[in-house]
């Protein structure tokens with residue numbers, strides 16, 4: 001089953017990570033167990049690896065079993081292991097009201113926060129997780145149904161910065177679930193089964209168990225998964241071009257930026273494709289840690305109308321976006337800022 005290891009090497013060459021510590025997220029399922037095993041084989045056990053298990057604590061005794069399994073597996077394979085259990089403190093929605101029910105977005109943020117901490121403790125430069133090709137397709141369909149744009153339809157990026165010197169990497173994005181199961185069986189690897197993956201109470205599971213089988217039948221081909229995966233790669237290539245264009249636009253468009261605001265020359269919004277402007281503003285939101293969850297296509301359309309035509313008169317214009325983000329325009333300057341004093 002060299003295909004799994006070869007795919008990982010192709011997307012994440014050994015010389016990039018073998019000389020520095022990498023944290024490997026391991027849930028105990030077949031995907032993450034395969035990833036850990038493949039990295040040990042690829043590096044001939046010479047690369048410094050640390051297993052990180054984030055216990056969500058949502059499945060009672062099954063979660064306890066996952067935690068014990070990962071601890072024991074790491075010990076048998078000679079890999080240091082850190083285990084973190086999420087608490088109620090990790091579930092703090094954007095509005096600041098604690099809620100014991102974790103949303104998918106909150107879980108992801110909490111996982112990344114703890115993975116960063118583990119990585120910093122070990123001086124790691126990489127955090128690797130076992131998202132794979134089926135996850136790419138399911139994520140794309142999930143976002144399509146929610147009305148996402150190109151960024152969302154590009155699905156899971158191969159890498160993402162978690163900090164200036166720490167990169168999240170997904171080296172199995174071209175590996176299918178079927179290949180993973182074959183790899184598990186060929187190497188007789190132990191793993192845990194998460195029974196919640198079979199529950200159709202979750203949209204992602206309904207996509208996996210209902211929508212994708214229907215699409216395979218409707219298209220009269222079992223190749224529909226690969227075609228959808230290829231579509232995400234094409235969308236990603238085009239979106240990366242827009243991202244680079246947005247970075248170049250920001251270099252000349254920004255007048256100033258501080259911890260809570262950013263200013264643009266008003267003329268910087270003229271004769272620039274809206275997709276480039278929007279992508280640049282999304283980057284600003286990320287840079288300033290402003291909440292994006294509530295900003296919908298309707299809000300972007302409203303902002304587009306606000307910015308064009310550009311009004312450079314002496315009287316200010318103002319609009320507000322979700323997350324208490326204000327936008328003002330006056331005397332040729334467009335300012336975006338977090339208005340914490342606004343209680344609307």
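Bear in mind these aren't lab numbers, they're just calculated from the coordinates by the rules spelled out. All values derive from a computational prediction rather than experimental measurement. A quick note on method: Cβ atoms are made from the backbone with ideal geometry, for glycine too, and the neighbour counts reach across all protein chains shown.
A few points about this structure:
- In terms of the mean number of neighbouring beta-carbon atoms within 10 Å, the peptides 320-331, 182-193, 48-59 order highest first as 48-59, 320-331, 182-193.
- Extension gain, residue 41 back to residue 222 (0.36 nm per residue minus Cα-Cα distance, nm): 62.0 nm
- Rounded to 10°, Cα long-axis angle of helix 224-253 versus longest principal axis of the chain: 40
- Spacing of the modelled spin labels on residue 166 and residue 272, each 7 Å from Cα toward Cβ, amounts to 3.1 nm.
- Spatially, segment 118-195 and segment 242-302 are offset by 28 Å when compared through their Cα centroids.
- Overall form of segment 174-224 per C-alpha gyration tensor (a/c, 1.5; a/b vs b/c): oblate
- Segment residue 238..residue 308, full-extension length gain: 22.7 nm, with 0.36 nm per residue of separation and the alpha-carbon distance subtracted.
- DSSP finds beta bridges in the chain, and of those with both partners inside it, around 60 percent are antiparallel.
- Estimated 222 nm signal from helices in the chain, with DSSP H stretches of n ≥ 4 weighted -39500 (n - 2.57), rounded to 500: -14000 deg cm²/dmol
- Tensor-based shape of segment 132-174 (alpha-carbon gyration tensor, a/c under 1.5 rounded, otherwise prolate or oblate): oblate
- Taking every alpha-carbon pair under 8 Å whose residues sit at least 6 apart, the chain reaches a relative contact order of 14 percent.
- Crossing angle, helix 177-187 versus the chain [Cα axis fit, 0-90 degrees, rounded to tens]: 30
- Pair residue 206, residue 292: separation of 7 Å Cα→Cβ label points (nm): 2.6
- Sequence-distant contacts, meaning Cα pairs under 8 Å at least 6 residues apart, place the relative contact order of segment 194-299 at 17 percent.
- DSSP finds beta bridges in segment 100-186, and of those with both partners inside it, around 50 percent are antiparallel.
- Correct choice for semi-axes √(5λ) of the Cα gyration tensor in Å that was computed from the model, options (i) 35, 22, 19; (ii) 39, 29, 17; (iii) 39, 23, 21: (iii)
- Compared with the dominant Cα axis of the chain, that is its longest principal axis, helix 61-76 is turned about 70°.
- Peptide packing: for 16-26, 215-225, 256-266, the average count of neighbouring Cβ atoms within 10 Å per residue gives the ranking 16-26, 256-266, 215-225, highest mean first.
- Average Cα contact separation per residue, segment 152-227, under 8 Å, 6 or more apart, as relative contact order %: 12
- Among 145, 228, 73, residue whose mean-square fluctuation peaks in a GNM of the chain (springs only between Cα atoms under 10 Å): 145
- Full-extension gain in nm, residue 72 to residue 319, via 0.36 nm per residue minus C-alpha separation: 83.4 nm
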